[in-house]
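Trainee: Pasting a structure below so you can have a look.
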Amino acid sequence: MKILTTAKKVVDVELTIHVENGAIVEDGLQYVINAWDENAVEASVQLKENNGAETTLVSIGSGDNTDMIRKCYAMGIDNGIHIDDPALEKADSFVFAKVLQKVYEAGEYDLVITGKQAQDTDSGQTGIILAECLGIACVSNVIAIEIIDDGKIKVSRLGDMGTEIVEVVLPAVITVSDSINEPRLPAMRGIMMAKKKKIQVMDLAGLGTSYDEVGGGSLKSEVIEFMESEKRQGGQKFEGDAAEITAKVVDLLVNEAKVF
Amino acid sequence: MNPLFMSLLLIVGLAIFSRTMVQKIQLLMALEPTDRANHITDRLKNMVVIALGQKRLVGRKKEWASGIMHAFIFWGFCILLIRSLNLYGEGFVKGFQLPLFGDGSILGYLYIALKDIMEGIVLVMAVYAIFRRAVLKPERLHNTWEAYFVLGMIGVLMLSDLLLDGARYNLIMLHNNPEHLHFFNNPLYGSEFLWTPVSVGAASLISGFSADANGLILTTMFWLHIITQLTFLNFLPFGKHFHVITALPNVFLKSLGYPHEKTKLLDLEDESVWEDESLGINHIHQLNWKQGLDLYTCTECGRCKEVCPTHTTDKPLNLHDFNDTLKAELLENAGNLIKRAKLAATIKEDGDAEKNEEIKAQMAELNSKKPLIGDVITEDTLWACTTCRACEQVCPVTIEHVPRIIAMRQGQSLMQGVYPQELNVALKGLERNGNPWGIGYDKRVDWADGLDVKIMAKDADVDYLLWVGCAGSFDDRSKKVSKSLVKILQKANISFAILGKEEKCTGDFARRVGNEMMYQMMAQENIETLNNYKVKKIIAACPHCLNTLKHEYPQMGGNYEVIHHTDFIDQLIKSGKITLNKSFQGSLTYHDPCYLGRYNSIYDQPRSILQALSKDGLKELDRHGRESFCCGAGGGRMWMEETIGKRINVERSEEIAGQKAATVAVACPFCLTMIEDGMKELDKDEDIKTQDIAELVANNMA
């Protein structure tokens, strides 16, 4: 079985994001693997360990993704592809899906596993659009994957009404929830041994396509402005006599906060 | 007596002993190298104080009786060495006298007197030792037939020598010396027997026997003594009594300058070590020879387990068994390890690569077949250790347990990738944001909002760098300590700054859990930052940071004068830069943090501060100072689950609560968290406040 897994490099959400003139202030930011994609990598590696599979990781984005891909190697991924093209800077989920489609078609995979969304945009669309483009099944928000045979898998997904057990015919796209597993830390010996491993880096032309062909020429959606999230106001602290404080708090709640 | 028989005994006895010792030494030489051939004066000093002086035996109030017992047996043996030489001489030459110790000098007389009294004392001590084992049965002791056998031999040695002299006395004084036996009779110092009351006492026991019988007793006791002695010598290397031979060299060769062998700075860039899986300890042959000598020397006294926070709270780490198991594994593989080392010596770096590979394959065949962690030492045992060093502090023969444990954890973390998975969160936090909480590094300086604290990036022209640490920066409770410390430094007009967002975890916990890679990553970045600002003096608000900055960063080119905040505050008080009101009321006690006390010998300064601010003085805990009890958070345990046995912090909190303390002072953010949590668990957090010394000082400054 050949499994394709995606990994997006996103801004570390532990950091406070500042916005200036509608744009994110890049200074001081750092980038990490999208947490849900980490779950996807872990899921692929577990399938490989338990059932035997060849795992390939693809990451799209301009810049240096070497570290991230190496760490995925150290987690147990076999091959890495980095689609590095500056043209993709403004790409939306649709464009990403089209690029992934090209990668998929070049590699004849049986199963695609992606994080259900990315921590930076929280769109949650790429995997689903990819399945649509490929005309294959998609199950989202998956919390468990079980291989039945070469042509079929059984997955559990968190639906509105509870956990749904779904049988899916392969090839298929699975987008995973963070409750599917606890991603391992890349093995240190693996990190060192992975230094020698090659990463296939290519631009869109190398992939046999162009920005226009993947929909970049007529973007279906575009971020035009960022706004800083509202800062949480510090609370008020009251000290002293309990009765006095109670009266004061009630007064503030009624007259200032107007909660009643 | 009988030169032929004496020669035979000596040749056989010494030949077997030499053969055993050669094997034991060969095995040590097959282990990894470590350099101990330095600072001879310091080493001799340690040997005199700790080994000859029996410091850790007689120096512990709790163990006063057994300490004295052991010390006298040991000193007795040292003294009797000279007597033994004399007896060997007598085997060949009748009336043999050692030069200087003969009847011509006062030294000879003083010696026979000392020897006589010592034999009496050792005999009493051996009887007490048997009584203690058989009747008192201290919990820490592991009762074995070996112990009784050796005590029995000691008894026989003393009795035989006393009866030998007794019979001699009877023959000379009661039976007109028919065999013309030699005895000291210097006109200046008188007869020998005036100096040897114990032997004369022994003589009275057999004075009723005839001259012949006394002659027979003399001969029998002589040979019994010699044979027992040679048997004893040959028995020693096969059990825990090997320490009789190895304790002195083991203490002489102990680590200097830092309480135990520093964690080796591993070369992680060297590809071969990853391929050969040679980092840390994964196999018994990866112990170094000193660690092997430690195993030979373990006396199985059990002091280590008695003070161990994990053993006393029912966790599987039992250092007595840990040593014993490792020793058994070492000895079981002795032959193969020696062969392995011989093969290793044939590898030539510039030799034929193929041949070298072949040798390496042969060497691998000789490795122990049992995985060290898993089969020999269980994982729960390995990961239980809090690295508190209580075991090392009490070990009479200075065995270093902790470095071994850390090296084994390195093997597990770096090579096998097997370690408690709950560490992942903290390790990932370290990697991404330089703190085990994983909070955004950009929030590291939020605690100092409005405090007017200088940041190095803006103004590096200061006398001190205040190293806040991750807890002081991110943990809400510890942030209050950081604020108090700032208040004190500002009050004393100290010129200081912090690194702010540029500060990262020192890497202490990563190193203790064997993740050398993460440690080096943190250390390298911090050292670059510190050296960039040309930092010279650092005030550390956390003993773990203090220890790493002070003792471990020099390995990587970071050399600073590092001082803990309690030490610094104590200096501020003594130099009058801050004045304390003696205004603190209520029962106050102090919990010594392991990394401040046992690792950095800071015991007095915190106490001096607390005495200065407390109206009611300071009440010591039962386990305090050098024998303080760990809070349970060291060695990376802060970031692991504690699922086996009783919680260590609860055990300690109960001890504090038992002292009826109203406030327990601490000097470490981990201790603060652990003790406060322990009090919460006991529902005592309202009655017993846990406070850092900096907070107490800030609240009681004039």
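Computed from the coordinates by the stated procedures, all read-outs in this text should not be read as laboratory data. What you see is a predicted model, and the numbers here were worked out from it, not measured in a lab. Virtual Cβ from ideal backbone geometry, glycine too; neighbours counted across all protein chains shown.
Trainee: Taking just the C-alpha trace of the protein assembly as shown, give me its Rg and Dmax in Å.
Mentor: That works out to 36.1, 128 Å for Rg and Dmax.
Trainee: So in the protein assembly as shown, what percent of DSSP beta bridges are antiparallel if you round to the nearest 5?
Mentor: 30
Trainee: What's log10 of I(q)/I(0) for region B:424-699 at q = 0.14, 0.16 Å⁻¹, Debye sum over Cα points only, no solvent?
Mentor: -0.97, -1.28
Trainee: When the chain is fully extended, how far beyond the present Cα-Cα distance does residue B:61 get from residue B:135, taking 0.36 nm per residue of separation?
Mentor: Values: separation 74, 0.36 × 74 = 26.64 nm, distance 2.11 nm.
Going from the current span to full extension adds 24.5 nm.
Trainee: Same structure again: Could you check the simple spin-label distance between residue B:532 and residue B:355, using points 7 Å along Cα→Cβ, in nm with one decimal?
Mentor: 5.0
Trainee: For region B:569-579, just list the computed ³J(HN,Hα) in residue order, Karplus coefficients 6.51, -1.76 and 1.60, θ = phi - 60°, integers in Hz, with x standing in for Gly and Pro.
Mentor: 4, 4, 5, 4, 5, 5, 8, x, 6, 10, 10
Trainee: Oh, and also: Answer with one residue from B:471, B:558, B:131: the one whose Cα lies farthest towards the positive end of the charge dipole of the protein assembly as shown, charges on Cβ with Lys, Arg +1 and Asp, Glu -1.
Mentor: B:131
Trainee: Could you state the angle between the C-alpha long axis of helix B:106-131 and the longest principal axis of the C-alpha atoms of chain B, as a value from 0 to 90 degrees rounded to the nearest 10?
Mentor: 70
Trainee: Here is a further query. Relative to the longest principal Cα axis of chain B, at what angle does helix B:669-681 sit, 0 to 90 degrees, rounded to 10?
Mentor: Between the helix axis and the principal axis of chain B, the angle is about 90 degrees.
Trainee: Comparing A:196, A:152, A:102, which has the greatest mean-square fluctuation in the GNM of chain A with Cα pairs linked when under 10 Å apart?
Mentor: Judging by the Gaussian network model, the answer is A:196.
Trainee: State which helices in chain A qualify, where a helix is a whole DSSP H run, it must extend 18 Å or more along its own axis by its Cα atoms, and its mean Kyte-Doolittle hydropathy must be at least -0.5. It would help to have the intermediate numbers written out before the result.
Mentor: On the way: long enough: A:35-51 (24 Å, -0.94); A:93-107 (21 Å, 0.55).
Helices meeting the span and hydropathy rule in chain A are A:93-107.
Trainee: Let me ask something additional. DSSP beta bridges in region A:2-202, what fraction antiparallel, as a percent rounded to 5?
Mentor: Values: 19 of 44 bridges.
Just about 45 percent of them are antiparallel.
Trainee: Towards the positive end of the charge dipole of the protein assembly as shown, with charges on Cβ (+1 Lys, Arg; -1 Asp, Glu), say which of A:130, B:39, B:6 has the farthest Cα.
Mentor: Result: B:6, furthest along the dipole toward the positive end.
Trainee: Please arrange B:644, A:3, B:11 by counting, for each residue, the other beta carbons lying within 10 Å of its beta carbon, fewest first. The partial results should precede the final answer.
Mentor: Details: B:644 15, A:3 24, B:11 10.
Ranking B:644, A:3, B:11 by Cβ neighbours within 10 Å, fewest first, gives B:11, B:644, A:3.
Trainee: What are the lysines whose alpha-carbon lies under 26 Å from the alpha-carbon of residue B:370, with same-chain residues fewer than 8 places away excluded?
Mentor: Excluding near neighbours in sequence, the set is B:24, B:240, B:264, B:290, B:305, B:315, B:327, B:339, B:342, B:360.
Trainee: Nearest 10 degrees, 0 to 90: what angle lies between the long axis of helix B:64-92 and the longest principal axis of chain B (Cα atoms)?
Mentor: Taking the Cα atoms of chain B, the angle to B:64-92 is about 40 degrees.
Trainee: By DSSP, what percent of the beta bridges with both residues in chain B are antiparallel, rounded to the nearest 5? Intermediate results must be reported in sequence, preceding the final value.
Mentor: On the way: 3 of 25 bridges.
That works out to approximately 10 percent antiparallel.
Trainee: Please compute the length gained on full extension between residue A:259 and residue A:246, using 0.36 nm multiplied by the number of residues separating them and subtracting their Cα-Cα distance.
Mentor: 3.1 nm
Trainee: A further question follows. Under 19 Å from a point 7 Å along the Cα-to-Cβ line of residue A:11: which residues of region A:70-103 have their amide N that close?
Mentor: A:88-93
Trainee: For residue B:44 and residue B:457, compute 0.36 nm times the residue count separating them, minus their Cα-Cα distance, and round to one decimal in nm.
Mentor: Numbers: separation 413, 0.36 × 413 = 148.68 nm, distance 4.79 nm.
Fully extending the segment from residue B:44 to residue B:457 adds 143.9 nm.
Trainee: Using 1/(1 + (r/R0)^6) with R0 = 35 angstrom and r between the beta carbons of residue B:14 and residue B:220, what's the FRET efficiency to the nearest 0.05?
Mentor: Plugging the Cβ-Cβ distance into 1/(1 + (r/R0)^6) gives 0.95.
Trainee: Give me, ordered by chain and number, the residues 5 or more places off residue B:32 or on other chains with an amide H under 5 Å from its own placed amide H.
Mentor: B:287, B:288, B:289
Trainee: Grab the DSSP H runs of chain B that are 4 residues or longer, score each as -39,500 (n - 2.57), total them, divide by all residues and round the 222 nm result to the nearest 500 deg cm²/dmol. Let's see the in-between values first.
Mentor: Numbers: 29 runs with 352 residues, N = 702.
Taking each H run of at least 4 residues, the total per residue is -15500 deg cm²/dmol.
Trainee: Return the FRET efficiency for the residue pair residue A:30, residue B:571: r is the Cβ-Cβ distance, R0 is 45 Å, and the value is rounded to the nearest 0.05.
Mentor: Working: r = 39 Å, r/R0 = 0.87.
Using R0 = 45 Å, I get an efficiency of 0.70.
Trainee: Roughly how many nanometres apart are two label points built 7 Å out from the Cα toward the Cβ at residue A:227 and residue A:21?
Mentor: Placing both labels 7 Å along Cα→Cβ, they lie 2.0 nm apart.
Trainee: Once the convex hull of the alpha carbons of chain B is built, what does its volume come to per residue, in cubic angstrom? Mind showing how you got there, number by number?
Mentor: On the way: hull volume 136.4 nm³, N = 702.
Dividing the Cα hull volume of chain B by its residues yields 194 Å³.
Trainee: Let me ask something else. Treat each spin label as a single point 7 Å out from the Cα along the C-beta direction, and report the residue B:267 to residue B:619 distance in nm.
Mentor: Label-label distance for residue B:267 and residue B:619, simple model: 5.7 nm.
Trainee: Would you mind listing how long region B:3-247 runs along its three principal axes, going by Cα atoms, in whole Å with the largest first?
Mentor: Result for region B:3-247: principal-axis Cα extents of 62, 41, 36 Å.
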